[in-house]
Amino acid sequence: MSKKKDYDAIIIGGGHMGLTLGAYLQRAGMQTAIFERRHEEGSAIFTSECTAPGFLHNLHAQYMEFLEWMPIWYDFDLPKFGARSLYPSAQAGLPFSDGRPPLIIYSVEKEESYEKTYKSVAQYSKHDAETLVDLLKKLQEIKSIFAQGWYNPPPIPTPEDPEPDNQGGIMLLQQIGLPTRISKMTTKDTIDYLFESDEMRAMFYRLGVEWGAGLDIDGSGAGLFAAIGLFYFNWQLMVGGTHTLAHAMEMAGVNEGMEFFESNEVVKVLLEGKKAVGVQLKDGTKVYAKLVASNAEIEGTMLRMVGEENLSPLWVKRVKDFEIGPSCVLGSTAMALHEAPDFKSARWNPDINKAFYTIVGFDSAAELYEYCHDAHSGKIPKTYGEGIWVNSLWDPTYAPPGKHSLTGWIFLPKASSQSREKWEEIRATWNDNFLKNFERFAPNMTKDNIIDDYFYTPQDQEDEMRLMEGDFCNGGVKASQRGHNRPFPEAAQYRTEIENLYLCGPFMHPGGGASAGPGYNCFKIIAEDFGLDKFWEKLDRGY
Ligand SMILES: Cc1cc2nc3c(=O)[nH]c(=O)nc-3n(C[C@H](O)[C@H](O)[C@H](O)COP(=O)(O)OP(=O)(O)OC[C@H]3O[C@@H](n4cnc5c(N)ncnc54)[C@H](O)[C@@H]3O)c2cc1C
């Protein structure tokens, strides 16, 4: 396929946000091409055979929390293109090294799960069990409001309502009967306000940072409820590996007539005056289009591909000021196992051996707090703990018969906080140290149980995926970089000061995660500018 012809739209980068935008543009009649620097599309929506043959590891995105809402899943019928998911019942678990009863939170998909969650939490505190179940039920009732916030461009501030996101947070708290002062609180203070037992605080300190906000960031309290309401305990697993989601998105685009060019890095956005007219590839080829949208990181897009010299001083400053990390930075562990972990706490409830997401290595809230705090403030955490998945427990395609594949996440400091030599040292030692701690919780997790293992650092995320600093959102989610301020107020509507150049990466609202949100929302803005059919206005889902 020649890439020298002209297109209506060019997308820089085939992460799942770019794939989403492309499929909608092509369907709307815009001949669209994606240029991706890697050998395949999907970016962090990928699966690797990085330990032993036949063992699959989702080194990046593991749990799918948006499938209930994700527009592209339904509008393009992704299951028709091979995307299938399953729904583990025990969603999140916390086992203990002394073998006391585990904490388990079950899926919000089924009504009877609330009783199981209640029983598990009530072993430590009836107050906490009542609070959690009441909260989950209330949030389930209003969750479609969160989806509408996710899959629409952010509200535009007005002189009468200069902070519309804050208003939304306050209304949410009122709706679920909680004091509005929570909107000003940190995640940690909010968790402490809700729960009294050390065990529940420990679990939520880890869960509370999963969407990217640190424990000590002011104004994250309301965000925690949005996260719990929209996507916690609603987690699904992609059958056959997370990469099947990206592949299905790509197939949907192919089916519409879109074109893909892998191993084709874009080095320049071509301009005529202050208007984008195409891109230049690393091999020198120039390709022209009516519009260009970028899934690539914001700094690379604006300061290098467009060039500082073509931007106003305000935009240069805004892009340079945009903070990457620190609380969205992850590393991953992968282990090929003979046996799945058998936790001491399973004698009280065997479901802990089959929890989808298990937080391993921590016995107290203080340990978890210190771990998150260290990682988010540039230090390698002292406790070797992780959130792990053993996907082969549900889906046999993840490991050879009778064997198991384990993958885990660790919050770590930004890539640039350590030298490359230091990251190599961490790669060489982390898994052994983690295993020593793991064995205290699950005695069968000894070296003999490991067939092979691998460690993926934040530096790897930057080098391979261009997720800068290892930040899975390609931009931190502190309060001043969320909603109508993401990435900064002048760019929040997916447009740039360069005419016909748009932004669709996870550094845009609603942020990172396998949500496809920024891609879908960016399409809506382009549809507005180019007079494309606004099909979503005829749907009753509200987005
Ligand atoms: C360790 C980890 C665990 C995660 N776990 C989960 C999870 O369990 N659930 C969940 O929902 N989310 C999870 N995420 C987050 C989610 O995967 C990401 O936020 C999301 O995938 C990022 O958006 P994207 O797919 O568009 O990828 P991006 O990385 O933003 O895609 C950008 C693409 O542009 C390409 N590119 C960059 N520069 C150029 C150029 N010059 N020319 C051409 N192409 C270029 C890159 O190669 C890449 O393919 C996780 C992320 C990480 C890192």
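The values are calculated or read from the model by the stated rules, or taken from the named source; none is laboratory data. Because the structure is a prediction, the values reported are computed rather than measured. All Cβ positions, even for glycine, are placed from backbone atoms using ideal geometry, and neighbour counts span all protein chains on display.
Quick notes
- Within segment 377-399, no residue that is within 16 Å of D363 (Cβ to Cβ) and free of Cβ contacts under 8 Å to residues at least 24 places away in the same chain sits with its Cβ atom under 7 Å from a residue that is part of a loop (DSSP other than H, G, I, E, B) and among the hydrophobic types (A, V, I, L, M, F, W, C) at 6+ positions apart or across chains.
- Reported count of residues in segment 269-289, each being surrounded by 18 or more Cβ atoms within 10 Å (Cβ to Cβ) and either among the acidic types (D, E) or away from the ligand (no atom under 11 Å from the Cβ) (or both), is 7.
- Considering residues of segment 494-543 that are farther than 22 Å from V316 by Cα and of a type in the set (K, R) only, the residue modelled with the lowest pLDDT: R541
- Residues of segment 60-80 that are of a type outside the set (G, A, S) and either farther than 28 Å from E537 by Cβ or near the ligand (Cβ under 6 Å from one of its atoms) (or both): H60, Q62, Y63, E65.
- The helices (runs of 4 or more DSSP H) found entirely in segment 70-184 that carry 1 or more residues being over 24 Å from A442 (Cβ atoms), without any contact (Cβ under 8 Å) to a residue 12 or more places away in the chain and outside the structural domain of K534 (by TED's automatic domain parsing) are 113-122, 126-141, 164-175.
- Considered as a group, the residues in segment 34-45 that are surrounded by fewer than 24 Cβ atoms within 10 Å (Cβ to Cβ) and of a type outside the set (K, R) include one that is nearest to A92 (Cα to Cα), and that residue is A44.
- Yes/no for T190 being β-branched (V, I, T) and buried (at least 21 other Cβ atoms within 10 Å of the Cβ): yes
- Among (1) within 21 Å of the chain's Cα centre (by Cα); (2) surrounded by fewer than 17 Cβ atoms within 10 Å (Cβ to Cβ) - the single one P326 does not satisfy: (2)
- Checklist (1) within 22 Å of F76 (Cα to Cα); (2) buried (at least 20 other Cβ atoms within 10 Å of the Cβ) applied to E256, failing item: (2)
- Enumeration of residues in segment 166-179 that are under 27 Å from the mean Cα position of the chain (by Cα) and not hydrophobic (A, V, I, L, M, F, W, C): N166, Q167, G168, G169, Q175
- Qualifying strands (runs of 3 or more DSSP E) (wholly inside segment 393-503; at least 3 residues being within 14 Å of the ligand (Cβ to nearest atom) and under 23 Å from H338 (Cα atoms)): 404-411, 450-456
- Residue selected from segment 1-59 under the condition out of contact with any His (no Cβ under 9 Å at 6 or more places or on another chain), within 12 Å of the ligand (Cβ to nearest atom) and assigned to a strand (DSSP E or B), by the criterion nearest to K290 (Cα to Cα): I10
- E265 within 12 Å of the ligand (Cβ to nearest atom), crowded, with 21+ Cβ neighbours inside 10 Å and closer than 17 Å to F35 by Cα: no
- Residue that is nearest to the ligand (Cβ to nearest atom), among those in segment 234-262 that are farther than 30 Å from Y398 by Cα and in contact with a helix residue (DSSP H, G or I) (Cβ under 8 Å, 6 or more places away or on another chain): M258
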